[in-house]
Every structure is written in C-alpha cells, then in structure tokens.
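Q: Before I ask anything, let me first share the structure, which is written out below as structure tokens.
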Amino acid sequence: REVRGAAREGRGGPGGGMDTPSAAGLGGADPQLQRFIEVETQKQRFQQLVHQMTELCWEKCMDKPGPKLDSRAETCFVNCVERFIDTSQFILNRLEQTQKSKSAFSESLSD
C-alpha cells in the first residue's frame, strides 16, 4: 500500500498529471508536431485509465493474493473491467451530447 500511495502523490490533480501542452495551445506550431502531441496525450490518457481500472478492480476483487486466481476473483475482475468500460463509455457519450447541445445553443443565439 505504501508504494501505491507514493505513486498516487506523483499524479497531480484532476488532470492526472498531464503536463503535456495541448495542441491547441501551440498556435502556429508545426501541424505534424501538433498531431504528435495529440497522439501522445491520448496514449497518456489511455494509460491513466488502465491504471485506474487496474487499481479499482484489484482493490475490489482481490481479497488475498495466492498462487492461483480463483474463479470468484476471475469473475469479479471480468465484471469489474466490463463495468469500468461501460461507465467510461457512458461518460464520454454524455460529455459529447452536452458539448453538442451547448454548440447548438450557442449557434441559435448567434442567429
């Protein structure tokens, strides 16, 4: 637990420690560089999600580590990962809908 706690401290705030500048913040920078930064940022976000999912499911499903994964723990891990993915997808879809409705609202105000 001490190792995990130390790792958490290094992550930073809600942004997950992503200090990489966004491509939008580079203004007139090279488009190829902007694309590279976008791809690397996406990779970092994916790795962060995998880390969160692993930590959450481990805490939930692993009572006592042993030489073998029992069927109860295996089922728990499968369900945990599936629910994590479902929840993440739901949140992304909801954010997209919110963004679209805000854009549509802004466009209707400018008319």
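To keep it simple, each residue is scored yes or no on (1) open to solvent by 50 Å² or more (accessible area, probe 1.4 Å); (2) at pLDDT 90 or above; (3) assigned to a helix (DSSP H, G or I); (4) touching a strand residue (DSSP E or B) at 6+ places or on another chain (Cβ under 6 Å).
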residue: R8; (1), (2), (3), (4): yes, no, yes, no
residue: M18; (1), (2), (3), (4): yes, no, no, no
residue: G25; (1), (2), (3), (4): yes, no, yes, no
residue: L33; (1), (2), (3), (4): yes, yes, yes, no
residue: E38; (1), (2), (3), (4): yes, yes, yes, no
residue: T41; (1), (2), (3), (4): no, yes, yes, no
residue: Q47; (1), (2), (3), (4): yes, yes, yes, no
residue: C57; (1), (2), (3), (4): no, yes, yes, no
residue: K60; (1), (2), (3), (4): yes, yes, yes, no
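Q: Let me ask something else. Output the number of the condition that S108 fails; it satisfies all remaining conditions of (1) modelled with pLDDT under 90; (2) assigned to a helix (DSSP H, G or I); (3) touching a Phe, Trp or Tyr at 6+ places or on another chain (Cβ under 9 Å).
A: Of everything listed in (1) modelled with pLDDT under 90; (2) assigned to a helix (DSSP H, G or I); (3) touching a Phe, Trp or Tyr at 6+ places or on another chain (Cβ under 9 Å), S108 misses just condition (3).
Q: Another question about this same structure. With the requirement that a residue be over 23 Å from Q47 (Cβ atoms), open to solvent by 70 Å² or more (accessible area, probe 1.4 Å) and of a type in the set (S, T, N, Q), what does the stretch 67-100 give you?
A: S71, T75, Q97, Q99
The values are calculated or read from the model by the stated rules, or taken from the named source; none is laboratory data. Since this is a predicted model, take the numbers as computed values, not measurements. Cβ atoms come from the backbone with ideal geometry, glycine included; neighbour counts cover every protein chain shown. The protein model used for the area step is the full one, side chains on, heavy atoms only, and it has no ligands, DNA or RNA in it. Shrake-Rupley method; radii C 1.70, N 1.55, O 1.52, S 1.80 Å.
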